Amino acid sequence: MKNVLVLGGTGFVGGPVCEVLLRQGWQVTVPTRQRSNAELLQRSLPEVRVLQLDVHDEAALTQALTGQQAVVNLVAILHGTADAFEKVHVDLPRKLVRACSAAGIRQMVHISALGADAAQPKSAPSMYLRSKGQGEAVLLRGAGLGQQANFDLTILRPSVIFGVGDKFLNVFAQLQKVLPVMPLAGATTRFQPVWVQDVSSAVVRCLERTEIAGASKAPLVLELCGPDVFTLRQLVQLSAQLSGVRGGRGRPVLALPRWLARLQATLMELAPGEPLMSRDNLNSMTVDNVASGKVPGLLYLGIEAASLVPIASAYLGSK
């Protein structure tokens, strides 16, 4: 039996990843700070083993990795302070490297982000992307190269991920049901959305990439993108069309100038709970979120990326 520890396994991407891993014969263990966070996962996938622990506790993490063959790291945040991004996107990978070395882990798949750059992380426009690039650099140094490599490493850089239960198209659709207009920051920023099931399939194939033609033991970086490119304005309009808001017409989209977008994001940050938009998100959207073409994509793994419209119409149209 192949054993894998999935960090972030209770999240939006984690559930589908665990499902595909189980289907391919892996024994899946998911750590979580509170067992209640895993209730939904265990109802749908009772075969998953749940461990209650804090993944930022290096000793507990090392113990959880003992006896595993591989680890998948899905842990990430979209909003927070510089210290919060450092803790999740940089310090955790650093702890993972040491824990993997101590536990004898052979393989790691790490979910990063499109736009992250391990070679020049400080050149990124936002704390989110800078910290993602720094985390990649930590893992690449920790993995090593050639026969002396500590573990096989694959870094996946997805564009925005869509699917049932996403906080992306679903949010746009819900907002248009209650707002008379859609004030939108970054309306012209381009995205190349990727289906959550394609991301999940990529994770599993990367764990088994010795079977892929031409694969080597060198660290592998892949960009995960769908076949279609949309502006944010188009995605907002599409979410309304597919969910039937105002007969599919949706609400008028009001593209905000940058100064007003920053004011809106500042006010959203002051509201309780996780903000819909932050100033750091705006900084990320100063660059398009599309494939660079400099590294391989899903086709390298034999996966033909799914188009957004047929899939999103199925889950948005049911609301």
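None of the figures in this text is laboratory data; all of them are computed from the coordinates on show. All values derive from a computational prediction rather than experimental measurement. Cβ: placed from backbone, ideal geometry, glycine included. Neighbour counts: every protein chain shown.
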Cα-based helix-to-principal-axis angle, 169-178 vs the chain, degrees rounded to 10: 30 degrees
Least to most buried among Glu19, Glu47 (fewest other Cβ within 10 Å first): Glu47, Glu19
Percent of beta bridges antiparallel (DSSP, the chain, rounded to nearest 5): 5 percent
Å³ per residue enclosed by the Cα convex hull of region 90-195: 138 Å³
Percent RCO, i.e. relative contact order, over region 160-319, from Cα pairs under 8 Å lying at least 6 residues apart: 38 percent
Top positive-direction residue, dipole computed over the chain with Cβ charges, set Leu256, Thr62, Gln174: Leu256
Rounded to 10°, Cα long-axis angle of helix 92-103 versus longest principal axis of the chain: 20 degrees
Unit Cα scatterers, Debye sum, region 210-319: log10 I(q)/I(0) for q = 0.15 Å⁻¹: -0.93
Region 4-74, Cα convex hull volume normalised per residue, Å³: 74 Å³
For region 1-153, diffusion coefficient by Stokes-Einstein and Kirkwood Rh (Cα), 20 °C, 1.002 mPa s, µm²/s: 136 µm²/s
Nearest-ten-degree value, helix 258-270 long axis tilted from longest Cα axis of the chain: 60 degrees
Mean separation of Cα contacts under 8 Å (6+ apart) over length of the chain, as relative contact order %: 17 percent
Mean Cβ neighbour count within 10 Å, used as a protection proxy, ranking 23-30, 235-242 highest first: 235-242, 23-30
Pairs of Lys in the chain closer than 27 Å at Cα, counting only those 8 or more apart or on different chains: 18
Equivalent ellipsoid semi-axes - Cα gyration tensor, the chain, angstrom: 33, 21, 20
Value of relative contact order over region 147-212, rounded to a whole percent, pairs C-alpha under 8 Å and six or more apart: 44 percent
